[in-house]
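To keep things clear, I will list the structure first and then write my remarks on it.
The values are calculated or read from the model by the stated rules, or taken from the named source; none is laboratory data. All of these numbers come straight from a predicted model, not from anything done at the bench. For neighbour counting, all protein chains shown are included, and Cβ atoms are generated from backbone atoms with ideal geometry for every residue, glycine included. For the accessible areas, the whole protein counts, side chains as well, though only heavy atoms, and no ligand, DNA or RNA atoms are used. Shrake-Rupley method; radii C 1.70, N 1.55, O 1.52, S 1.80 Å.
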Amino acid sequence: MNEISTKRKMAGRPSFEAAQGVAYEIFRRECKHVFLSREAPLPLWEQLYQHLENLILSGKLAVDSRIPPEPLLCELFGVSKAVVRHAISALAAKGLVVKLPRKGMFVCERPKESGFVTSNVSLFEDMLARGASIDTRTFAFTKDAADPAEQKGLLLDAGDEVVRITRVFWVDRMPITHSVISFPASKLPGFAREDIKNRSILAAINQRYGLKVIRADRWLDAKIPSDLICERMELGEPKPLIHIESIGYDQKGERLEYYQAYYNTSAARIRLSVAD
């Protein structure tokens, strides 16, 4: 590069790294564990979108914080402009980021509805990120032989064990879910002794074992819960609730979580965003 072009570059607008040093370092720190795989079944743009969505919904990327421009995102994640643009467009369509002319991209205030059904973030992390008051009431936390549904959901053999957690979530003093969450016991040695009171189970697993759910298949239907579940959720008379069945996959694509829950939309509606 000649002397004139060097001077022009230095005299121009400062780079994002120079002008937004703190924001850039925070973004780099939170994204340093983001791994995009060309061998994964999901396209690269959707992998990037899900990672950034999780960081925003978990509060690791704060509201109003600035996101690096597209060329820098391409450099950070080693992907093309098309991949970055598709991911950012999906985030914008969901209302998680906004582009301001001549100012840049910023994280938006998070929606007030629950969006955990359409993301990899747990209900605990999703509602906590939205500023809700959370309480958990655990009814069982055991290591036990996998039942037929758990064997099928986690691809276990008869006699294999699971760590099974049964608890009710309360959000802003309203019962929102009754959930039964199961994990292969072989992946979580000693976890049944963990203190999970008012904690995200997935966050605790990630912290202790380095495992996390990076994608999930979920099925929804309407069911009337049992009298016991209605009693635990203090619903009074039985009524149809949204029943959720989910299989979560870890970083290696192996089945990590089998989840069944009854969801009470009176506590929070489920928000779905649709984009081309």
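Determine if the stretch 57-67 includes at least one residue that is crowded, with 16+ Cβ neighbours inside 10 Å, modelled with pLDDT under 85 and not charged (D, E, K, R). Looking for residues that are crowded, with 16+ Cβ neighbours inside 10 Å, modelled with pLDDT under 85 and not charged (D, E, K, R), one finds at least one in the stretch 57-67, hence yes.
Do we find a residue being assigned to a strand (DSSP E or B), among the hydroxyl-bearing types (S, T, Y) and closer than 30 Å to A23 by Cα anywhere in the stretch 164-181? Checking the stretch 164-181: not a single residue is assigned to a strand (DSSP E or B), among the hydroxyl-bearing types (S, T, Y) and closer than 30 Å to A23 by Cα. Within the stretch 226-233, is there a residue that is touching a helix residue (DSSP H, G or I) at 6+ places or on another chain (Cβ under 9 Å) and open to solvent by less than 60 Å² (accessible area, probe 1.4 Å)? Looking for residues that are touching a helix residue (DSSP H, G or I) at 6+ places or on another chain (Cβ under 9 Å) and open to solvent by less than 60 Å² (accessible area, probe 1.4 Å), one finds none in the stretch 226-233, hence no. Just one of the numbered conditions (1) within 30 Å of L211 (Cα to Cα); (2) surrounded by 19 or more Cβ atoms within 10 Å (Cβ to Cβ) is not true of E254: (2).
One line per residue, one yes/no per condition, for (1) in contact with a Lys or Arg (Cβ under 7 Å, 6 or more places away or on another chain); (2) more than 29 Å from W45 (Cα to Cα):
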| residue | (1), (2) |
| --- | --- |
| G115 | yes, no |
| S119 | no, no |
| D144 | yes, yes |
| P175 | no, yes |
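Applying a threshold of 6 Å to beta carbon distances and a minimum spacing of six or more residues, or different chains, the list of pairs starting in the stretch 178-206 at a residue that is touching a residue at least 40 places away in the same chain (Cβ under 8 Å) and open to solvent by 10 Å² or more (accessible area, probe 1.4 Å) and ending at one that is part of a strand (DSSP E or B) and among the charged types (D, E, K, R) reads A185/K143; A185/E161; A192/K143. Any idea how many residues of the stretch 17-35 are at pLDDT below 75 and aliphatic (A, V, I, L, M)? Count: 4.
Filtered by the rule that a residue be of a type in the set (D, E, K, R), over 18 Å from R199 (Cβ atoms) and modelled with pLDDT under 75, the stretch 102-144 gives E109, R110, K112, E113. Here R85 meets each of (1) under 21 Å from Y24 (Cβ atoms); (2) at pLDDT below 90; (3) open to solvent by 50 Å² or more (accessible area, probe 1.4 Å) with one exception, condition (2).
Among the residues of the stretch 143-159, is any part of a loop (DSSP other than H, G, I, E, B), exposed (fewer than 14 other Cβ atoms within 10 Å of the Cβ), among the basic types (K, R) and over 22 Å from the mean Cα position of the chain (by Cα)? Taking every residue of the stretch 143-159 in turn, none turns out to be part of a loop (DSSP other than H, G, I, E, B), exposed (fewer than 14 other Cβ atoms within 10 Å of the Cβ), among the basic types (K, R) and over 22 Å from the mean Cα position of the chain (by Cα).
Let's see how each residue does on (1) modelled with pLDDT under 95; (2) touching a Leu at 6+ places or on another chain (Cβ under 9 Å); (3) assigned to a loop (DSSP other than H, G, I, E, B):
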site: D195; (1), (2), (3): yes, no, yes
site: I229; (1), (2), (3): no, yes, no
site: I247; (1), (2), (3): no, yes, no
site: L256; (1), (2), (3): no, yes, no
site: Q260; (1), (2), (3): no, no, no
site: A268; (1), (2), (3): yes, no, yes
site: D276; (1), (2), (3): yes, no, yes
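In a residue-by-residue description of the stretch 258-267, the property of being of a type in the set (A, V, I, L, M, F, W, C), in contact (Cβ under 8 Å) with a residue 12 or more places away in the chain and open to solvent by less than 60 Å² (accessible area, probe 1.4 Å) applies to at least one position.
Taking the condition more than 15 Å from C31 (Cβ to Cβ) and either without any contact (Cβ under 8 Å) to a residue 60 or more places away in the chain or crowded, with 19+ Cβ neighbours inside 10 Å (or both), does T118 pass? For T118, the condition - more than 15 Å from C31 (Cβ to Cβ) and either without any contact (Cβ under 8 Å) to a residue 60 or more places away in the chain or crowded, with 19+ Cβ neighbours inside 10 Å (or both) - is not met.
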